[in-house]
Structure formats: C-alpha cells, structure tokens
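Participant: Dropping the structure in here first, questions after.
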Amino acid sequence: MSAHDTHASSSAQQGKTRVLLIDDEPLLVAHVKRILERAGFVFHAAQTARGGFDLATAIQPDVILIDKVMPDLDGTSLLRLMRMSDALSTVPIIMLSGRVDETARIAALAAGADDVVAKPFSAKELVARIDANVRLVRMRRDTVWRQGELLRLQQSQQELRTLLDTVQKVRDDERRMLAREVHDQLGQILTAVKIDIRLLQDRLAPVDLAIAAVQDIAALLRPPALEEGGLVAALQWQASDLRRRTGIDCAVRHNPADYVEQAPFVAGELLRMCQEALTNVLRHAQASHVIIQVTMRNASLLVRICDNGIGIPRARVHDPVSLGLKGMSERAASVRATVHVYGRRGRGTMVAIRRRLAFR
C-alpha cells in the first residue's frame with residue numbers, strides 16, 4: 001500500500017468507532033469482522049490475551065470485546081489486568097461468553113466488564129450493545145469535561161473576587177492617604193498662614209472657616225468613626241453631622257445583638273453609598289426627617305435610608321444620566337451588594353442596600 005493510500009485510509013477511519021476483538025476462534029473473528037465493518041466500525045483483532053492487551057494499549061480502541069475462554073489467559077484475568085492499566089481503565093469492555101447465567105454475569109461485571117453478551121448473538125444485538133456502551137462513555141467524558149470547566153470557571157471567579165477585593169483595598173488605602181494628606185498638609189499650611197497673619201484680626205475668620213472646611217473634607221473622605229467603630233458608628237456620625245449642618249432630623253436605628261461588622265473596605269463603600277443617598281435627600285427630597293436602618297435578615301446585611309420628602313419620580317430611578325444613582329450601583333457591585341431605590345409622590349423615598357454575608 002502506498003503512502004497516499006495509507007493516508008487516505010487513516011482519514012476515512014477518523015470519527016469512526018474503533019472496536020478490538022480478542023478471541024482465538026478464527027471463524028468467530030471473521031464473523032464479527034463482517035458484522036462490524038458493515039455497521040461502519042473500524043475493526044481490529046487479536047487471537048491471544050497478551051497480544052490483545054498489547055494491541056489495546058497501542059491503538060486505544062473505543063470498545064474492547066473479550067472472549068471468556070482463551071488458551072493463554074482467561075478473559076476474566078485479562079479484564080482485571082486491563083482495569084489496572086491507566087491507558088485502558090476507562091475503555092468499555094464487553095465480555096463474550098457461551099455461559100451467561102446470573103452467576104457468570106455477576107462475576108464478569110464484578111471483574112470490571114461493562115456488559116456481557118451471550119454467544120451466539122445476532123448482528124443487531126452486538127451493534128446495539130457496542131453503540132450503547134460507546135454513547136455511555138462519551139456522556140461520562142462530557143460530564144467530566146463540564147465538571148472540569150465548571151471548576152475552572154469557579155476558580156476564575158474566585159480569582160476575580162480576590163483581585164477585586166485587592167483593588168478595593170488599594171482604593172480604600174488611597175482614600176485614607178488622601179484624607180490624611182488633605183488634613184495634615186493643607187491644614188498645616190493654613191495654620192501657618194493663620195499664624196503669619198495673626199495681627200490681621202479681620203482676616204482670621206476666613207482662615208478659620210478654611211481650616212474647618214479642610215477638616216470637614218477629611219472627615220467626609222474617611223470619617224474617624226469608621227476607623228474606630230465601624231459602619232454603624234460612621235453612620236451615627238454622619239447622621240449627627242447632617243443634623244448639625246442642615247437641621248434635618250436624622251437618626252440611625254440598629255440592633256447591636258445580631259449585627260455583623262463588615263470588612264473595612266466594604267464598610268467604606270457602604271458608607272459612601274449612604275452618603276450619596278443623604279446628599280440626594282439634601283438636593284432633591286425637601287425632607288425634614290431621615291431614618292437610617294441597619295438590620296440583619298436572612299444572612300444578609302440590609303441598610304435602608306428612608307426620608308419623608310416629595311418622593312423620587314419613577315422615571316428618575318432609571319435615568320441613565322443620574323450619576324449619583326449609577327455611582328451607587330457601581331459601588332454596590334464592587335462589594336457584591338445590590339441597591340434599589342423606591343419612591344412615591346408625596347410619600348418619600350427609600351434607598352435599600354443589601355449585601356449577603358458569606359458564612360462558612
């Protein structure tokens with residue numbers, strides 16, 4: 001056979017089911033060969049158990065047919081040998097036997113056979129058994145592949161979450177540094193200016209206001225209460241600051257008994273979402289009363305900011321140009337939380353932030 005003919009034959013066999021028969025009866029081998037080749041299978045044969053083992057290891061067939069009785073090694077011993085081989089341990093093996101009572105069938109299956117076919121057999125039965133076993137193995141391999149892909153996807157998601165947490169921590173550190181720099185550096189400069197012009201009493205008041213503004217900016221960027229007492233303490237400070245600056249009655253309600261403190265960068269992001277919600281109250285709500293509720297429900301942290309203002313219009317909740325609401329949604333996503341805004345005309349607005357806790 002020429003090289004061209006060999007290549008053409010190999011190409012024609014691609015995609016076809018390859019079957020190896022290990023049997024020492026020439027007439028049976030010839031009979032099975034006719035059946036399988038007519039059915040479109042690629043047929044291989046070996047007449048000894050040891051020769052069949054070597055051929056199976058070399059060609060890696062899709063199905064192996066083993067005769068129960070052979071001169072050099074019985075079919076059951078060959079079956080066990082194949083199941084101990086890494087190369088053949090998952091290949092479907094069908095035992096051919098003239099004795100297929102319940103005891104013989106159970107013994108063959110216990111030794112590692114996937115199926116048992118009684119001799120004599122019909123062509124249709126043999127082909128159907130081979131097709132069924134090949135289909136089952138392919139389904140198993142597909143399941144293993146899908147499980148592997150799912151595991152890789154879960155690993156990738158975990159890596160992304162770890163990366164996101166790292167990014168958030170870096171951002172949090174940068175904000176903390178910015179707050180410190182604004183407070184320390186600019187505050188020192190303004191203090192020096194105040195000292196240099198202490199004789200100009202009429203200019204002291206504006207400088208005092210500037211220093212106070214710097215302190216307020218630093219506190220808003222990274223409230224000391226957040227560092228010292230966590231999210232609830234920072235919200236209480238925020239409520240007190242809102243009352244002081246605007247006169248709006250603002251209160252924080254929470255139950256310390258079931259509260260679970262959040263990681264620093266998570267608490268920071270939640271606080272900034274609450275700050276944005278309070279800013280919207282000041283700008284748009286015309287409210288006189290605000291309640292911030294912090295509760296635990298169904299293994300989740302729930303923060304609600306409710307006001308008694310005019311109520312946000314439904315159209316504005318989904319307005320793509322509303323940068324404040326969009327920013328809140330982005331912050332929520334960054335800490336694996338959700339944010340929803342509800343409003344009724346004349347009945348006020350509620351901003352609900354929910355973050356599911358990852359209990360182990």
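Participant: Heavy atoms only, 1.4 Å probe, whole protein assembly: order Ser97, Ser329 by accessible area, highest first.
Facilitator: On the way: Ser97 10, Ser329 60 Å².
Output order, biggest surface exposure first: Ser329, Ser97.
Participant: Spin-label point model (7 Å from Cα, Cβ direction): what's the Gln155 to Arg171 distance in nm?
Facilitator: The two pseudo-label positions are separated by 2.8 nm.
Participant: What's the local net charge at His340, with K and R +1, D and E -1, over the other residues with C-beta under 13 Å away?
Facilitator: Numbers: positive: Arg304, Arg314, Arg354, Arg355; negative: none.
Spelling it out: positives minus negatives among the neighbours equals +4.
Participant: Report the local net charge at Leu153: Lys and Arg +1, Asp and Glu -1, summed over other residues whose C-beta lies under 13 Å from its C-beta. Write down the numbers at each step before the final one.
Facilitator: Values: positive: Arg146, Arg152, Arg161; negative: Glu149, Glu159.
Neighbour charge sum, excluding Leu153 itself: +1.
Participant: Shifting gears a bit: So, in nm, how far is label Arg146 from label Leu81 when the simple model puts each one 7 Å beyond its Cα toward the Cβ?
Facilitator: Result for the modelled spin labels: 3.8 nm.
Participant: OK, next. Over the stretch 241-339, what portion of Cα pair distances is larger than 16 Å, expressed as a whole percent?
Facilitator: Working: 2957 of 4851 pairs.
Roughly 61 percent, once rounded to a whole number.
Participant: In square angstrom, rounded to the nearest 10, how much accessible surface does Val260 have for a 1.4 Å probe?
Facilitator: Using a 1.4 Å probe on the heavy atoms, I get roughly 50 Å².
Participant: Could you give the size of the charge dipole of the stretch 12-89 about its Cα centre, using +1 on the Cβ of each K and R and -1 on the Cβ of each D and E, expressed in debye and rounded to the nearest 20? Intermediate results must be reported in sequence, preceding the final value.
Facilitator: Values: 9 positive and 10 negative charges, 58 e Å.
Around 280 debye, computed over the stretch 12-89.
Participant: Kirkwood Rh over Cα pairs of the stretch 25-91 into Stokes-Einstein at 20 °C, 1.002 mPa s: D in µm²/s? Please list the in-between numbers first.
Facilitator: On the way: Rh = 12.5 Å.
This corresponds to a translational diffusion coefficient of 171 µm²/s.
Participant: Excluding Val167 itself, calculate the net charge of residues whose Cβ lies under 12 Å from the Cβ of Val167, where each Lys or Arg counts +1 and each Asp or Glu counts -1. Walk me through the numbers on the way to the answer.
Facilitator: Working: positive: Arg161, Lys169, Arg171; negative: Asp165, Asp172, Asp173, Glu174, Glu269.
Around Val167, the surrounding residues sum to -2.
Participant: What does the extension gain come out to for Ile59 and Thr162, with contour length at 0.36 nm per residue minus their alpha carbon separation? Don't skip to the answer; put the middle values down first.
Facilitator: Working: separation 103, 0.36 × 103 = 37.08 nm, distance 4.50 nm.
Extra length available between Ile59 and Thr162 comes to 32.6 nm.
Participant: For Leu357 and Asp72 in one chain, what is 0.36 nm times their gap in residues minus the Cα-Cα distance, to one decimal in nm? Please report the intermediate quantities before stating the final value.
Facilitator: Working: separation 285, 0.36 × 285 = 102.60 nm, distance 6.50 nm.
Extending this stretch completely gives an extra 96.1 nm.
Participant: Take the Cβ-Cβ distance between Arg314 and Lys16 as r, set R0 to 51 Å, and report the resulting FRET efficiency rounded to the nearest 0.05. Intermediate values should be presented prior to the final figure.
Facilitator: Numbers: r = 63 Å, r/R0 = 1.23.
Rounded to the nearest 0.05, the efficiency is 0.20.
Participant: Could you work out how far apart the two model spin labels at His31 and Glu330 are, taking each label as a point 7 Å from the Cα in the direction of the beta carbon, and quote it in nm?
Facilitator: Calculated label separation equals 7.7 nm.
Participant: Could you order Ile312, Ile22 by accessible surface area, starting with the largest, using a probe radius of 1.4 Å? Walk me through the numbers before you get to the answer.
Facilitator: Details: Ile312 25, Ile22 0 Å².
Putting Ile312, Ile22 in descending order of accessible area: Ile312, Ile22.
The values are calculated or read from the model by the stated rules, or taken from the named source; none is laboratory data. Fair warning: this is a prediction, and the values are worked out from it, not measured in the lab. So basically every Cβ, Gly included, is an ideal-geometry build from the backbone, and we count neighbours across all protein chains shown. Only protein heavy atoms, including side chains, enter the accessible area calculation; ligands, DNA and RNA are left aside. Shrake-Rupley method; radii C 1.70, N 1.55, O 1.52, S 1.80 Å.
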